[in-house]
Amino acid sequence: MMKYILITALVILIVISVGLYILWQPIAIGHDDTPINTIMPPIQEVNDELLTFNIDLKKGRLIIIPLFKYSIKARVINKKRYGGSWDAKISPYDLVLGWGDLANALVDDHIKFDQWGRFYFYSFDNSPYQNDYISKHSANNHIIPANDNIRRALSLIRKNDLVVLNGYLVDINGVYKDKSVSWRTSTTREDTGSGSCEIIYLTNCRIGDKVFY
């Protein structure tokens, strides 16, 4: 009898685990197997019709201010997950993206990339690519998923994936735990240092041949 109870409990646990795994998986709304052109730089477009909107947190409210429409096709050079802070609640992942020659994974033999503190860093030795080219063909991107499906899709992204990200470059103002907070996006691919990261409100993305909304 005890053996039967244990087997039944194990079966139930497996069924629940499989069910939760399936529920957590993002749903691809389509497939696109056309080659991703990572040679060209990101596209940034003015759109006067963009409106601000709010994101409510448990202990605050943030105002999202779209500045430009934004689209980037690139290789994922690095990925890092963050947690705990107010910004991580809306932007759990940073992606270091590279285009042009940096979309080729072979450049990692010459350039070392790293991430921490919501910045990215690189160093190189005997590299055919120098600081000016690297800084203008790579960027650290704070990703704000527009919905839960895209948030789950972000968890699938791996180093060296080719991706297409579409959405908006945004600034953020707000209040969290009774304190004013703000976050500013870069709007040029030629800046470096503090403030040079893009903040992307991500409305849809392509990872490999799968498309997510």
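Computed quantities for the displayed model
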{"quantity": "Amide N of segment 69-102 lying under 20 Å from the label point, which is placed 7 angstrom from the Cα of Ile39 along Cα→Cβ", "calculated": "71-76, 98-102"}
{"quantity": "Value of relative contact order over the chain, rounded to a whole percent, pairs C-alpha under 8 Å and six or more apart", "calculated": "26"}
{"quantity": "Cα long-axis angle, helix 2-24 against the chain (0 to 90 degrees, to the nearest 10)", "calculated": "30"}
{"quantity": "The chain, helix-only ellipticity at 222 nm - DSSP H runs n ≥ 4, -39,500 (n - 2.57), divided by all residues, nearest 500", "calculated": "-5500 deg cm²/dmol"}
{"quantity": "Listed pairs Lys59/Lys159; Lys89/Lys177; Lys80/Lys177; Lys73/Lys210; Lys80/Lys112 exceeding 23 Å between Cα atoms", "calculated": "Lys59/Lys159; Lys80/Lys177"}
{"quantity": "Centroid-to-centroid separation of segment 91-157 and segment 21-64 [C-alpha atoms, Å]", "calculated": "17"}
{"quantity": "Prolate/oblate/rounded call for segment 143-213, Cα gyration tensor, a/c under 1.5 rounded", "calculated": "oblate"}
{"quantity": "In segment 175-206, trypsin sites (Lys or Arg not before Pro) in a DSSP loop with at most 10 other beta-carbon atoms within 10 Å", "calculated": "Lys177"}
{"quantity": "Distance in nm between pseudo-label sites at Asp114 and Ser127 (7 Å out along the Cβ direction from Cα)", "calculated": "1.4"}
{"quantity": "Burial order of peptide ranges 96-108, 147-159 (average beta-carbon count within 10 Å, highest first)", "calculated": "96-108, 147-159"}
{"quantity": "Sorted largest first, extent of the chain alpha carbons per principal axis (Å)", "calculated": "72, 45, 32"}
{"quantity": "Taking Asp94, Asp132 and counting other C-beta atoms within 10 Å, the order from fewest to most", "calculated": "Asp132, Asp94"}
{"quantity": "Residue pairs, from the table Lys136/Lys179; Lys79/Lys136; Lys69/Lys136, whose Cα atoms sit over 23 Å apart", "calculated": "Lys136/Lys179"}
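Every read-out reported here was derived from the displayed coordinates using simple, explicitly stated rules and does not represent laboratory data. None of the values given here were measured: they were computed from a predicted structure. Methodologically, a virtual Cβ is constructed for each residue, glycine included, from the backbone with ideal geometry; neighbour enumeration extends over all protein chains shown.
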